1. Do you know which residues across segment 105-160 are more than 20 Å from ASP179 (Cβ to Cβ) and aliphatic (A, V, I, L, M)?
2. Across segment 140-154, what is the number of residues that are part of a strand (DSSP E or B), more than 11 Å from TYR68 (Cβ to Cβ) and without any contact (Cβ under 8 Å) to a residue 40 or more places away in the chain?
3. Restricting to segment 140-166, and then to whatever is surrounded by 13 or more Cβ atoms within 10 Å (Cβ to Cβ) and among the hydroxyl-bearing types (Ser, Thr, Tyr), can you tell me which residue is farthest from THR125 (Cα to Cα)?
4. Hey, any hits in segment 48-55 for a residue that's open to solvent by less than 100 Å² (accessible area, probe 1.4 Å), within 30 Å of VAL129 (Cα to Cα) and modelled with pLDDT of 60 or more?
5. Please go through (1) surrounded by fewer than 17 Cβ atoms within 10 Å (Cβ to Cβ); (2) touching a residue at least 24 places away in the same chain (Cβ under 8 Å) for SER82 and return the number of the only condition it doesn't satisfy.
6. Would you check which residues across segment 103-139 are assigned to a loop (DSSP other than H, G, I, E, B), surrounded by fewer than 19 Cβ atoms within 10 Å (Cβ to Cβ) and touching an Asp or Glu at 6+ places or on another chain (Cβ under 9 Å) and list them?
7. Could you grab me the full set of residues in segment 82-124 that are more than 25 Å from the chain's Cα centre (by Cα), over 27 Å from ARG135 (Cα atoms) and among the polar types (S, T, N, Q)?
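The values are calculated or read from the model by the stated rules, or taken from the named source; none is laboratory data. If you're wondering where the values come from, they're calculated on a predicted model, not measured in any experiment. All Cβ positions, even for glycine, are placed from backbone atoms using ideal geometry, and neighbour counts span all protein chains on display. Accessible surface is based on the protein model in full, side chains and every heavy atom, while ligands, DNA and RNA are left aside. Shrake-Rupley method; radii C 1.70, N 1.55, O 1.52, S 1.80 Å.
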Amino acid sequence: MKRRLLLPHLFAIITTAGCSMAPYQYSPEDMPHTSQQAPLPQVKPSQPNPKPSPSPSELVKTRLYKQYQEWKGTRYQLGGMSKRGIDCSALVLLTYRDHMGIQLPRTTRYQAQAGKAIKRNQLRTGDLVFFKTGRRGRHVGIYIENGQFLHASVSRGVTISHLSEHYWNSRYWRARRLDLKNNS
């Protein structure tokens, strides 16, 4: 009969010993209420890494493509500055004014003196590219990337062309760089 009593007693001893070994869990009522108590650390949920900011060059490129989408196909009109017709220097003037906060002269002649001269192999997004289209004729566009430039073409209106096209390559004159860092 002693053996039958031993098993329940042994079970009671093991279960009470197991409970006494568990760490004590504090409840808010157990904590002292003093103003000197240190605040519990706040756990912030993890945030996904934010997308890296685009480079200034990428921002300018985006603005140039946006301008192209807004003006695409607008016919060329010498002296024009509206969607009814626009010339090359007006397109450049409006693009820089509206998308980059830079004031430029109205004519190609004076735009060709703005900023600083750069070599053709140094072209980067936002540079002005100039062409001699006749004895006294001048044309201007804005370099975008990979040899492409935005301009108002006499034959195609507002368009994107490539510097390597025979017409533009044979008439290339110069390039100018404006300070876009302080305005973009």
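1. ALA152, VAL154, VAL158, ILE160
2. The total comes to 1.
3. Result: SER153.
4. Here is the first cut: in segment 48-55, the ones open to solvent by less than 100 Å² (accessible area, probe 1.4 Å) are 54-55.
Retained after the next criterion (residues that are within 30 Å of VAL129 (Cα to Cα)): 54-55.
Still in the running and modelled with pLDDT of 60 or more: 54-55.
Yes, segment 48-55 has at least one match.
5. Looking at each condition in turn, SER82 falls short on (2).
6. The initial filter retains those residues of segment 103-139 that are assigned to a loop (DSSP other than H, G, I, E, B), namely 103-107, 112-115, 119, 123-127, 133-137.
After this cut, where a residue has to be surrounded by fewer than 19 Cβ atoms within 10 Å (Cβ to Cβ) as well, the list is 103, 105-107, 113-115, 119, 124, 133-137.
Hits for segment 103-139 are GLY115, ARG124.
7. SER82
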